[in-house]
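Below is one structure, written out as structure tokens, with a few remarks after it.
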Amino acid sequence: MTQPNDYGFGEEAALLKEQARKFFADTLPVDALHALVADDPTPDRQPSGAWLEESWQAMVDLGWTMLSVPEAAGGLGLPVAAVAGLVEEQGKAAFPSPLLSTLCAGYVLGAAQAQAALDEIVAGTIATLAITNAQGSWQAGDSDVTYADGKLNGTASYVQDARRAQRFLVSANTGGGIGLFWIAADTAGVTVEADAIIDLTRDQGRLVLQDVAATPVTDNGLAALNQAMPAVWTLLAADMVGAGEWQLQTTVDYVTQRQQFDKPLGFFQAVKHPLVDVMLQIDEAKSLVYNAACAIDAEPEKAAQFAHMAKASASGMAGYASGRSVQCHGGIGFTWECYVHLYFKRQKHSQMLFGDGSWHRARLADILVGAAA
Amino acid sequence: MSESARKDTPEQAEFRQYCQNWLANNHPGEPPVRLSLSPLEIMTNDQLGYLQAWQKAAYDAGLVGCDYPEAVGGGGREDCQRVANEEMLRAKTPYLPNVIGLGMAAPTVFFHGQEALKERLLPRLFSGEDIWCQGFSEPGAGSDLASVQTFAEKKGDKWVINGHKVWTSLAHFAEWMIILLRTDKSHKYEGLSYFVVPIKSALGKGVTVRPLIKITGETGFNEVIFENLEIDDSHRLDQLGKGWQVAMTTLAHERGAGQMVTPRSGGLKSKATHASNSTNLIELARNTPRGDKTAADDPLVRDAMMKSVIREWGLAQNQRRSRVPALQDHPMRLPLQNKLLASEISQDIASLALDIEGPASSLYLGDPNAPDGGQWPMAYMNSYGMTIAAGTSEVQRNILGERVLNMPKSK
């Protein structure tokens, strides 16, 4: 299969992206975001995980939360590139919301053809993936949860939106392989322990399962995960591209206004050139995100290869853009009152989430060079 | 049917069919000699002769200069050069040797020259019979181009030229040069005027061409000395004092952002031609032993190679995304990154190849044990030509920072 030249990013996608930009800017501009999530600076603070809960219904009404549900399963059938555009705008606003987690769960459920669970996503249920072990391994199937005698036991770690989710899509060792389980948050034996995370715009925790009665939505969870993870990596990378663009524009504005030695800081090439490099890295990651998104629809045999490229590129960019955004703001950039730290922390979180750059490059090498001897 | 062919106008569709038919019967075949990687490094008359014959044939068939009016030797077609280029690339024909003529001199002369001058010069430019070179840089004017000092003094109805141009690719084969000259020493920008000057016919009569030897040991570019070269005023392009504006036409076309589509051919790879890309890099790693394994099994090498693969593919996708208006933040943001990224990526790939070769990277073309015939160290050294020429990487970053990000000017 070959990709369309425009990544499948047509008029509808452009309208969705513009709608999203406006929604996030109107709903939670950065000063309101800071007031909402950054009220407690103490390093040993309890995690607040604050978000605008009423924004969820608004996004459900706009149809956004079901964008990852396949058309045949009751979804809208928009290309992944259009979804990437939406998520890019979410990242630009550093919007705290379980939207990305729910979209990701939708892609895995779609790959597993779990119709009943997909119906719940379409109805507006908040969901998230619980597929990571205590080591933080991103290898599909590395789970600390076991399934035996109809019961789940064990802990899933680094679960995004753990306290916001109404449903968890849990991967567990079934003895014969990896099963996927659709677990309601209020099921007996389910406990969520919030992580005290640095990122103020997200929620993360551990999902502890004790004798939780369950039946698998699929016994071949590995196949579903392998099929859906490229979408997860690509959309997270899209969020990072949007956040990177905010970091770039905010920092460029600052170095254009701030004067030292009778010149704006941006006059000096030691400041100007690194910010150009930030732009180069954002554009590379962005181009690779839309290429990967398009591959998921039009060239599935290359989706993993291209999504590894997108997430590896975005991870490198996120680290660099974050570092430059604080450094080029100088002293003020090092303070809690400057909004730059919100994005710095979100980006550093995203950089490692679902695989850092070297993990994705190692997987890419396995595809392009072959397994190492 | 290709994506672009689907969007052809009736004229383009008919022309495309014509190009395909002609190319099917008129591919010049394998070159009798090893070709340089690009036309700027043509070194011998044997190389040039083969390539000139190809350009002449392509021009006579109407595949070169097709968007220019017939009066100046063009094909008089509308937006057909793009079609001819696509078909020549597809047919894997050799590159066109008169690269500076076609890409920079032709549009500049066409937009700024007098009719008689265009009619006289352009047909032999398109046919490749007259090779062209470009006289912009000087020993004291590199990144700061507007500080050129080569001076043209008006004497009666003639101009007398004295000065020194450098980094002049193809000057040793050139009949003509486009040249930026100072005609007034009291104004930096308004004191510049733009001319075409003869080279080959003026050798020993006011023009000296000396080869400059690159760090690789290759020749290919030159310095050109002017001592009282006399030329007629009809060789001036546009008005006196408008040289800087005319130069912008040249540079816009050099950067691929000009009005005219440059005739392009290519894709023919003679056996020894070697490119610094990640496909060749991975092949090198596979062929480089490390104990009982290869460099391609080394996790650090794999990581570094994948970084290059990702940057290379990212650049290709930038070029694709630059044609999707809904996914752009600024119209020049992606096009202005092209040259900077392409040159730095190939430099980094060549550098990594030397790391992979290890001590064998010390072996050059004359050593029978050199991996890949010593091409990687040569490519690495040559890569600095790319990051310096046509606006250094530092100047490119200034341009991006100022024109795209609107940061304050650094000069």
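The values are calculated or read from the model by the stated rules, or taken from the named source; none is laboratory data. For clarity, every value in this text was computed on a predicted model and none was experimentally measured. Cβ atoms come from the backbone with ideal geometry, glycine included; neighbour counts cover every protein chain shown. Only protein heavy atoms, including side chains, enter the accessible area calculation; ligands, DNA and RNA are left aside. Shrake-Rupley method; radii C 1.70, N 1.55, O 1.52, S 1.80 Å.
Observations on the model:
- Residue match in region A:38-49 (condition: assigned to a helix (DSSP H, G or I) and within 19 Å of the chain's Cα centre (by Cα)): no
- Here B:Ala84, B:Ala13 are screened, and the one residue that is open to solvent by less than 10 Å² (accessible area, probe 1.4 Å) and either more than 20 Å from B:Thr262 (Cβ to Cβ) or of a type in the set (Gly, Ala, Ser) (or both) is B:Ala84.
- All of (1) in contact with a strand residue (DSSP E or B) (Cβ under 7 Å, 6 or more places away or on another chain); (2) more than 12 Å from chain A (Cβ to nearest Cβ); (3) open to solvent by less than 30 Å² (accessible area, probe 1.4 Å) hold for B:Trp244 with one exception: (3).
- Of all residues making up region A:308-346, the number that are polar (S, T, N, Q), part of a helix (DSSP H, G or I) and surrounded by fewer than 22 Cβ atoms within 10 Å (Cβ to Cβ): 1
- Residues that are open to solvent by 10 Å² or more (accessible area, probe 1.4 Å) and part of a helix (DSSP H, G or I), drawn from region A:102-116: A:Tyr107, A:Gly110, A:Ala111, A:Ala112, A:Gln115, A:Ala116
- Selected residue (criterion: farthest from the other protein chains (Cβ to nearest Cβ)) from residues of region B:381-411 that are part of a helix (DSSP H, G or I) and free of Cβ contacts under 8 Å to residues at least 40 places away in the same chain: B:Ile388
- Per-region count, region B:20-53, residues touching a residue at least 60 places away in the same chain (Cβ under 8 Å), assigned to a helix (DSSP H, G or I), open to solvent by less than 60 Å² (accessible area, probe 1.4 Å) and closer than 28 Å to B:Asp79 by Cα: 4
- Residue count, region A:358-373 (criterion: open to solvent by 10 Å² or more (accessible area, probe 1.4 Å) and assigned to a helix (DSSP H, G or I)): 8
- Residue match in region A:80-94 (condition: out of contact with any helix residue (DSSP H, G or I) (no Cβ under 8 Å at 6 or more places or on another chain), within 29 Å of A:Gln3 (Cβ to Cβ), in a helix (DSSP H, G or I) and within 14 Å of chain B (Cβ to nearest Cβ)): no
- Wholly within region A:124-240, strands (runs of 3 or more DSSP E) carrying at least 1 residues that are open to solvent by less than 30 Å² (accessible area, probe 1.4 Å): A:127-130, A:151-160, A:167-173, A:178-184, A:190-194, A:204-213
- A count restricted to region B:175-198 and to residues that are under 20 Å from B:Gly101 (Cβ atoms) and assigned to a strand (DSSP E or B) stands at 11.
- Scanning region A:2-35 for residues that are more than 14 Å from every other protein chain (Cβ to nearest Cβ) and farther than 16 Å from A:Pro96 by Cβ turns up just one, A:Lys22.
Table: residues versus (1) among the hydroxyl-bearing types (Ser, Thr, Tyr); (2) at pLDDT 95 or above; (3) in the same structural domain as B:Met386 (by TED's automatic domain parsing).
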position: B:Leu145; (1), (2), (3): no, no, no
position: B:Thr150; (1), (2), (3): yes, yes, no
position: B:Lys165; (1), (2), (3): no, yes, no
position: B:Pro198; (1), (2), (3): no, yes, no
position: B:Ala202; (1), (2), (3): no, yes, no
position: B:Val209; (1), (2), (3): no, yes, no
position: B:Phe226; (1), (2), (3): no, yes, no
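- Contacts under 8 angstrom Cβ, first residue in region B:206-223 being on the phi > 0 side of the Ramachandran plot, partner open to solvent by less than 30 Å² (accessible area, probe 1.4 Å) and in a strand (DSSP E or B), 6 or more apart: B:Gly206/B:Ile161; B:Gly206/B:Phe226; B:Gly206/B:Leu229; B:Gly220/B:Ser169
- A Cβ distance below 8 Å, combined with a sequence gap of six or more or placement on separate chains, defines the contacts here; from region A:265-277, residues that are touching a residue at least 60 places away in the same chain (Cβ under 8 Å) reach residues that are buried (at least 19 other Cβ atoms within 10 Å of the Cβ) in the pairs A:Leu265/A:Tyr254; A:Leu265/A:Val255; A:Leu265/A:Val271; A:Leu265/A:Cys328.
- The conditions of being surrounded by 15 or more Cβ atoms within 10 Å (Cβ to Cβ) and either farther than 18 Å from B:Gly256 by Cβ or within 14 Å of another protein chain (Cβ to nearest Cβ) (or both) are not met by B:Ser346.
- Answer residue from region A:264-273, given it is more than 7 Å from chain B (Cβ to nearest Cβ) and outside any loop (DSSP other than H, G, I, E, B) and is most open to solvent (accessible area, probe 1.4 Å) among those: A:Ala270
- If the condition is being out of contact with any Lys or Arg (no Cβ under 9 Å at 6 or more places or on another chain), in contact (Cβ under 8 Å) with a residue 60 or more places away in the chain and in a helix (DSSP H, G or I), then region A:244-263 contributes A:Thr250, A:Tyr254.
- Contact map, region A:347-373: residues that are farther than 20 Å from B:Ala296 by Cβ paired with residues that are of a type in the set (Lys, Arg) and part of a loop (DSSP other than H, G, I, E, B), Cβ distance under 8 Å, separation 6+ or inter-chain. Pairs shown: A:His349/A:Arg202.
- Within the option set B:Glu283, B:Glu254, being among the acidic types (Asp, Glu) and either at positive phi or in contact with a Gly (Cβ under 9 Å, 6 or more places away or on another chain) (or both) holds for one residue only, B:Glu254.
- Checking B:Pro331 against (1) without any contact (Cβ under 8 Å) to a residue 24 or more places away in the chain; (2) over 18 Å from A:Met279 (Cα atoms); (3) under 26 Å from the mean Cα position of the chain (by Cα), the condition it does not meet: (2)
- Any chance A:Ala38 is within 14 Å of chain B (Cβ to nearest Cβ) and touching a residue at least 24 places away in the same chain (Cβ under 8 Å): no
- So A:Trp359, is it more than 15 Å from the chain's Cα centre (by Cα) and within 13 Å of chain B (Cβ to nearest Cβ): yes
- Check on B:Ala304, in contact with a strand residue (DSSP E or B) (Cβ under 7 Å, 6 or more places away or on another chain) and touching a residue at least 24 places away in the same chain (Cβ under 8 Å): no
- Candidates B:Gly385, B:Gly358, B:Gly401 - the one that is crowded, with 19+ Cβ neighbours inside 10 Å and at pLDDT 95 or above: B:Gly401
- Unique match (being open to solvent by 10 Å² or more (accessible area, probe 1.4 Å), free of Cβ contacts under 8 Å to residues at least 40 places away in the same chain and of a type in the set (A, V, I, L, M, F, W, C)) among B:Ala71, B:Ala61, B:Ala116, B:Ala91: B:Ala61
- Residues of region B:277-303 that turn out to be facing another protein chain (nearest Cβ under 8 Å), basic (Lys, Arg) and under 16 Å from B:Ala360 (Cα atoms), as a count: 1
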